[in-house]
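J.: The structure that follows is given in the form of structure tokens.
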Amino acid sequence: MTNPAVISALRELVQSGCWGNHRDFVSWLRFEYNLDSSESETLEALNQLVSDGLLEKHVSISEEFVLSSLKNAKPITRYRVSGFLQDSPIQMVRSRLETYFRLNSVREEMIVDMSIATTEAMENAVKYNDHNPIEINYSIENGDFRIEIRNGLREVQIERDIEMGKYNSSLTLMRGMMVMSKLFDDLDIDIKDSENLAVFTARKKVS
Ligand SMILES: Nc1ncnc2c1ncn2[C@@H]1O[C@H](COP(=O)(O)OP(=O)(O)O)[C@@H](O)[C@H]1O
Ligand SMILES: [Mg+2]
């Protein structure tokens, strides 16, 4: 029998807007609920939620489980995600954000743009952070989407970065920033060295 605690945690996760494959859910169960559910147990529980009608398999990506109806979504917009890439923090933000946008009737093309932009911001938050959880907060008000992402700062390793070819002593390639500045209307990254904190903020008119 599937652990009822796993079922109930999965219900909460998907209602909060999360979707992904069973490995994503294994990480999220561990990070958010301290539940050590194996891949097979998690898969079985997800399939049970499909039978219950809460979830369905994604139409084009067969491994992914998504909510069968937005009516069951109660998206959260302020939360923490893991600072470790293997815990699928980027998928957690991206999936919750997409669910939130759909519930707010944002058009699909805009959702794709905001997913790409937010993924770049999250990649940086994971890459440059000190592995503490990352704080996420967003809203839509008067048609304006605003997002804030806070991460701790890892010690700068400028020598290593130059060796990796990221800088030519004073210049970073800034591909992520270029992509984000095309997609967001405004963005800012405030590096507070004294507090060991990076605060990313961005705004986009979405409707
Ligand atoms: N969340 C963040 N925390 C710390 N530094 C950041 C963060 N986001 C961006 N930066 C800084 O801004 C630079 C530009 O980011 P980006 O254009 O995505 O380039 P890249 O990811 O290749 O370094 C980064 O090299 C980093 O120094
Ligand atoms: Mg980047």
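The values are calculated or read from the model by the stated rules, or taken from the named source; none is laboratory data. Quantities reported herein were computed from a predicted structural model and do not represent experimental measurements. Cβ coordinates were reconstructed from backbone atoms using ideal geometry, including for glycine residues, and neighbour counts include every protein chain displayed.
J.: For the range 192-207: of the residues being assigned to a strand (DSSP E or B) and exposed (fewer than 14 other Cβ atoms within 10 Å of the Cβ), which is farthest from ligand 1 (Cβ to nearest atom)?
T.: Checking each candidate, the answer is 205.
J.: Return only the number of the condition from (1) touching a helix residue (DSSP H, G or I) at 6+ places or on another chain (Cβ under 7 Å); (2) within 25 Å of residue 83 (Cα to Cα); (3) part of a helix (DSSP H, G or I) that residue 36 does not satisfy.
T.: Among (1) touching a helix residue (DSSP H, G or I) at 6+ places or on another chain (Cβ under 7 Å); (2) within 25 Å of residue 83 (Cα to Cα); (3) part of a helix (DSSP H, G or I), residue 36 violates only (3).
J.: Considering only the range 60-81, how many residues are over 21 Å from the mean Cα position of the chain (by Cα) and farther than 26 Å from residue 140 by Cα?
T.: 0
J.: Let me ask you something else. Do you know which residues across the range 84-137 are aliphatic (A, V, I, L, M) and more than 20 Å from residue 176 (Cα to Cα)?
T.: 103, 106
J.: Take the conditions among the β-branched types (Val, Ile, Thr) and within 16 Å of ligand 2 (Cβ to nearest atom) and apply them to residue 93. Does it pass?
T.: Taking the combined requirement at face value, the residue satisfies it.
J.: Let me ask you something else. Is it the case that residue 53 is over 19 Å from residue 184 (Cβ atoms), of a type in the set (Gly, Ala, Ser) and in contact (Cβ under 8 Å) with a residue 40 or more places away in the chain?
T.: When the stated conditions are applied, residue 53 does not pass them.
J.: Please name all residue pairs, on different chains or six or more residues apart, with Cβ atoms under 6 Å, provided the first residue is in the range 150-161 and is acidic (Asp, Glu) and the second residue is modelled with pLDDT under 85 and surrounded by 13 or more Cβ atoms within 10 Å (Cβ to Cβ).
T.: So the pair list comes out as 161/167.
J.: For the range 94-114, indicate whether the set of residues that are surrounded by 15 or more Cβ atoms within 10 Å (Cβ to Cβ), among the basic types (Lys, Arg) and under 24 Å from residue 133 (Cα atoms) is non-empty.
T.: Yes, the range 94-114 contains a residue that is surrounded by 15 or more Cβ atoms within 10 Å (Cβ to Cβ), among the basic types (Lys, Arg) and under 24 Å from residue 133 (Cα atoms).
J.: May I pose another question? Going residue by residue through the range 1-14, is there one that turns out to be closer than 20 Å to residue 136 by Cα and assigned to a strand (DSSP E or B)?
T.: no
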